[in-house]
Amino acid sequence: MAGKRARPTRSELESRLMLAEMQLRRAEFRARAYEGAKDSRRTENWYTRLSGPNSDIKTAWQRLVNRHRDLVDNNPWASRAVKVKVNSTIGDGVMGTPWKSSKRYEEAFTEWAESTDCDFFGRTNFYGLQGLIYRTVAVAGSCMVRRRLDEGLAARGMVPLQLQVMEPDWLDMSKDDGRTVQFGQQFDDRGKLQGYWIRKDHPGETGWNGLKIESELVPPNEILFVYDQLRPGQRIGVPAGAQVLISMRDIDDISSAHLLKSKIAACFTAFVYDQETPDQVQVGTTPLTETLEPGAVEILPPGKQITFANPPSSGDLTQDQRHYLHAVAAGYSITFESLTGILSDVNFSSGRMGWIEAYREVARERWSMVVPQLLNPIGRWFSDAAVLVAMRGPRKIIWTFPRRELIDPSKEIKALIEAVSAGIMSLSDVQRSLGYIPSEVIEELGKDKAAAEAQGLQLTVFGGGVSSQQATQSDLEGNP
């Protein structure tokens, strides 16, 4: 019959149903999805992709490291930011006390740590090496420490352990198949580390650049690889402040452009032009001077006019710099005040809150990276090396970080005394938080007490420290 529509087939009905379901899902997606996941005009230039913990780093790592090194060498803000991180986290070095060890073993560790013999290159002591290692991590993203044993030290009766600090460039990055070998590190089929491919020389040294350098596979127990791991399965670290490299580069460009503009503006002081045609210019008139001098009076001949330059303003350089430097401080996880030294905008409370927040990041890096990846393994290395000189000691070492500067000592010391008295903290915890080694403090207090009693003096020492107020109250009550 003319005009009669044919009944749709089963496949057509299914296609229409699938199309309707897709349209319904799209409508639900537009209505319920996270705003950040929607496709809109605001996100049309936002290109993302699924990436693993190492794929993005692999293509960007060398350029990130090279550019960050250049900034640290030439940009004062990058250099300052790295120094702040090193000084806050490591400072003048982390002190170690072997756990429940003999006096001889403690003295051997102290002698080793304070001597330059612990350094493979013989340049600094253990505390200097700590700062060098952490600085390398901040600048290059990672740092390697190789265990070396020196027979000469053993012959002198010293623990023969030496530490060779190496930049991550020593890893043979050319040995990379994306699975069992990544960033010069060898793994088994399960992803367990088997060793490090270490080059015989640094590839960036003059004469070696661009040449293929031989490498050897070093067992993992001979190398400490220190870096801040941000994603599970991440095999190498990225430089601190990697997110603000462009911002620091912009600061340099803005400062240079502002300085150049000021120089150019200073050169153009005045312009003289004729109001008459050339055939009207009078012959024999006195020529104008070509420079401006203080106190000079210039009489212009007829037809001459002088106009002073009025270059456009260069803008507020200080405000622009502050905007970028706040981002730089955030990128390095430090405070704006510690980066710039500008303290005019903070009071006691705001300065304290800023330092507390920054100290949380310092504590995180100490106890998630510095201690487990560097200090504890070195303590085990020292214990193993001590056996070579017929000395045995614990593999555990108690680490005491440099003391935290007290913002208000009168209030904070009192709070610590009350915490010890209430049993919230131990006296040893308080002493270590202030950068002191408890055993040394107790020993010195004992010597001071004996010396005072020998002179007929009496010292009253309470659990949290020396309290003159409590001592006076005790005397009044007749207590001994």
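From (1) under 22 Å from S333 (Cβ atoms); (2) among the charged types (D, E, K, R); (3) free of Cβ contacts under 8 Å to residues at least 40 places away in the same chain, pick out the condition that doesn't hold for R80.
Against the list (1) under 22 Å from S333 (Cβ atoms); (2) among the charged types (D, E, K, R); (3) free of Cβ contacts under 8 Å to residues at least 40 places away in the same chain, R80 comes up short only on (3).
Does region 449-466 contain at least one residue that is within 18 Å of L406 (Cβ to Cβ) and either modelled with pLDDT of 70 or more or assigned to a loop (DSSP other than H, G, I, E, B) (or both)?
Yes; the residues of region 449-466 include at least one that is within 18 Å of L406 (Cβ to Cβ) and either modelled with pLDDT of 70 or more or assigned to a loop (DSSP other than H, G, I, E, B) (or both).
Pairs needed: first member in region 95-110, within 10 Å of A386 (Cβ to Cβ); second member anywhere, modelled with pLDDT of 90 or more and of a type in the set (D, E); C-beta distance under 6 Å; at least 6 residues apart or different chains.
P98/E106
If I go through region 397-429 residue by residue, how many of them are exposed (fewer than 14 other Cβ atoms within 10 Å of the Cβ) and either assigned to a loop (DSSP other than H, G, I, E, B) or basic (K, R) (or both)?
Adding up the residues that qualify gives 9.
For region 4-23, give me each residue that is surrounded by 10 or more Cβ atoms within 10 Å (Cβ to Cβ) and over 60 Å from the mean Cα position of the chain (by Cα). Write out each step before concluding.
Here is the first cut: in region 4-23, the residues surrounded by 10 or more Cβ atoms within 10 Å (Cβ to Cβ) are 8, 12-23.
Across region 4-23, the qualifying residues are P8, E12, L13.
Which residue pairs have Cβ atoms under 7 Å apart, sit 6 or more places apart or on different chains, and have a first residue in region 319-330 that is over 14 Å from P76 (Cα atoms) and a second that is of a type outside the set (D, E)?
D320/I254; H326/F336; A327/V244; A327/S247
Give R392, R432 a once-over and let me know the one that is among the basic types (K, R) and either within 24 Å of G93 (Cα to Cα) or in a helix (DSSP H, G or I) (or both).
That would be R432, the only listed residue that is among the basic types (K, R) and either within 24 Å of G93 (Cα to Cα) or in a helix (DSSP H, G or I) (or both).
Can you tell me how many residues in region 328-345 are at pLDDT below 80 and either of a type outside the set (S, T, N, Q) or in contact with an Asp or Glu (Cβ under 7 Å, 6 or more places away or on another chain) (or both)? First the steps, then the outcome.
So the first thing to find is which residues in region 328-345 are at pLDDT below 80, and the list is 344-345.
Of the ones still in play, those that are also either of a type outside the set (S, T, N, Q) or in contact with an Asp or Glu (Cβ under 7 Å, 6 or more places away or on another chain) (or both) are 345.
Qualifying residue count for the region: 1.
Within region 160-194, can you find the residues that are modelled with pLDDT under 95 and of a type in the set (V, I, T)?
Selection gives T180, V181.
How do the pairs read when you match residues in region 363-385 that are over 15 Å from K85 (Cα atoms) and basic (K, R) with residues anywhere that are crowded, with 19+ Cβ neighbours inside 10 Å and at pLDDT below 95, using Cβ under 9 Å and keeping only pairs 6 or more apart or on different chains?
If the second residue must be crowded, with 19+ Cβ neighbours inside 10 Å and at pLDDT below 95, the pairs left are R380/I397.
Cβ-Cβ under 6 Å, sequence separation 6+ or interchain: first residue in region 135-153 and within 17 Å of D201 (Cα to Cα), partner polar (S, T, N, Q) and modelled with pLDDT of 95 or more. Which pairs?
C143/T136; R146/Q164; R148/Q162; R148/Q164
Kindly indicate whether any position in region 76-98 is surrounded by fewer than 19 Cβ atoms within 10 Å (Cβ to Cβ), modelled with pLDDT of 90 or more, under 30 Å from S255 (Cβ atoms) and hydroxyl-bearing (S, T, Y).
For region 76-98, residues surrounded by fewer than 19 Cβ atoms within 10 Å (Cβ to Cβ), modelled with pLDDT of 90 or more, under 30 Å from S255 (Cβ atoms) and hydroxyl-bearing (S, T, Y): present.
Can you confirm whether M391 is within 30 Å of R156 (Cα to Cα) and over 23 Å from the mean Cα position of the chain (by Cα)?
Numbers: within 30 Å of R156 (Cα to Cα): yes; over 23 Å from the mean Cα position of the chain (by Cα): yes.
When the stated conditions are applied, M391 passes them.
Is region 195-215 home to any residue that is aromatic (F, W, Y) and either under 29 Å from R366 (Cα atoms) or modelled with pLDDT of 90 or more (or both)?
Start the filter on region 195-215 by keeping residues that are aromatic (F, W, Y), which leaves 196-197, 208.
Those left that are additionally either under 29 Å from R366 (Cα atoms) or modelled with pLDDT of 90 or more (or both): 196-197.
Yes, because at least one residue in region 195-215 is aromatic (F, W, Y) and either under 29 Å from R366 (Cα atoms) or modelled with pLDDT of 90 or more (or both).
Condition (residue is without any contact (Cβ under 8 Å) to a residue 40 or more places away in the chain, in a helix (DSSP H, G or I) and more than 26 Å from Q234 (Cα to Cα)) applied to region 86-93: is it met by at least one residue?
yes
Which condition does Y47 not pass, out of (1) part of a helix (DSSP H, G or I); (2) not assigned by TED's automatic domain parsing to the domain that holds L230, if it passes all the others?
Condition not satisfied by Y47: (1).
Give region 50-77 a look and list any residue that's assigned to a loop (DSSP other than H, G, I, E, B) and in contact (Cβ under 8 Å) with a residue 24 or more places away in the chain, or say none. Give the derivation first.
Pass one, region 50-77, residues assigned to a loop (DSSP other than H, G, I, E, B): 50-54, 75.
Scanning region 50-77 gives G52, P53, N54, N75.
Does P372 satisfy the criteria of being out of contact with any His (no Cβ under 9 Å at 6 or more places or on another chain), surrounded by 15 or more Cβ atoms within 10 Å (Cβ to Cβ) and not charged (D, E, K, R)?
The answer is no for P372.
Let me confirm something: among V137, V145, V226, V159, which residue is among the β-branched types (V, I, T), in the same structural domain as A108 (by TED's automatic domain parsing), surrounded by 19 or more Cβ atoms within 10 Å (Cβ to Cβ) and farther than 21 Å from V82 by Cβ?
V159
Among the residues of region 319-354 satisfying the criterion of being part of a loop (DSSP other than H, G, I, E, B) and among the small types (G, A, S), which is surrounded by the fewest Cβ atoms within 10 Å (Cβ to Cβ)?
Looking at the filtered set, the residue picked out is S344.
The values are calculated or read from the model by the stated rules, or taken from the named source; none is laboratory data. Values in this document were obtained by computation on a predicted structure and should not be read as measured data. Ideal geometry is used to build each Cβ from the backbone, glycine not excepted, and the neighbour counts take in all protein chains shown.
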